[in-house]
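First the structure, in the form of structure tokens, and then the observations on it.
Quick note: the coordinates plus some simple rules give every number you see, no bench work behind them. Since this is a predicted model, take the numbers as computed values, not measurements. Positions of Cβ are generated from backbone atoms using ideal geometry, with glycine treated the same way; all protein chains shown enter the neighbour counts.
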Amino acid sequence: MSERVEPTITERLAEVRARIARAEAEAGRPPGSVTLVAVSKTKPASAIREAYAAGQRVFGENYVQELVDKRRELADLSDLELHFIGHLQRNKAKDVVLARATVETVDSDRLASELDKRASAAGGRVPVLVQVNVAREPQKSGCDPDAVAALIAHVRSLPGLELRGLMTIPPLDEEPERIRPHFSALRALRDRHLDASAWLSMGMSADLEVAIAEGATHVRVGTAIFGAR
Ligand SMILES: *Cc1c(COP(=O)(O)O)cnc(C)c1O
């Protein structure tokens, strides 16, 4: 009468790392060229500690208050890197800056300017990515592909921001192959507007292999590491 034993976070993490390594090899990319952002939203700080103990350093959070709380609860982990990957309202920009997060979701001049103002006040620089709505889905965050050049120029003009690259959340689809064109579209925007070393944050639990084949430098993986939310 054995109960089904759930794999631990450490085991799931090892599995995801193996998937990433296989995808890197299949794409002819060097081992370690893809950074895993472990998406810990809605999961307790103890889950982050377990992943951290297994060597994971970069974590993604979607909600400002949760990000702030976790930075405080995990203050002893000095090399913990937090990425904000949710929709950011301007009145929360200050909290995200003070939590020393990399902001993956800059999608407007106004948000960029607010982050710049808060970063300058705090005497630092915020690493940011420009979020692109590659499929031009209505109601979805992210800047229009045609507006990317102007937003990049604005971000580059702001001394408090450090532009790292581009991020996208493509349309939901069960079939990773149907998402591929959206990943390659983000890569094409990178190739047109930024240098080849700029980050591409794309790919999640279900489609990270396709994203890596299309050039992802960062994959954001939640469920496959921490289980269902
Ligand atoms: C939740 C989330 C993820 C992780 O999704 P999973 O399917 O759980 O891997 C990645 N990116 C963003 C922006 C998210 O909100």
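Here region 27-79 and region 160-229 have alpha carbon centers that stand 18 Å from each other. Amide H contacts of LEU161: VAL126, each under 5 Å away and 5 or more positions distant or on a separate chain (H built 1.01 Å from N in the peptide plane; Pro and chain starts excluded). Each label point was placed 7 Å from the Cα along the Cα-to-Cβ direction; for GLU177 and ALA135 their separation is 1.7 nm.
Can you compute the FRET efficiency between THR42 and GLU3 using 1/(1 + (r/R0)^6), with r the Cβ-Cβ distance and R0 = 25 Å? Round to the nearest 0.05. Efficiency, from the Cβ-Cβ distance: 0.55. Beyond 25 Å in Cα-Cα separation lie the following of the pairs LYS43/LYS94; LYS43/LYS92; LYS70/LYS140: LYS70/LYS140. Seen through its C-alpha gyration tensor, with square-root eigenvalues sorted a ≥ b ≥ c, the chain comes out oblate because a/c lies at 1.5 or above while a/b is not bigger than b/c. Counting only DSSP beta bridges whose two residues both lie in region 9-226, roughly 0 percent are antiparallel. From helices alone, the chain scores -12000 deg cm²/dmol at 222 nm; the rule is -39500 (n - 2.57) for each run of n ≥ 4 DSSP H residues, then divide by the residue total.
When you restrict to C-alpha pairs under 8 Å that are six or more residues apart and normalise by the size of the chain, the relative contact order lands at 20 percent.
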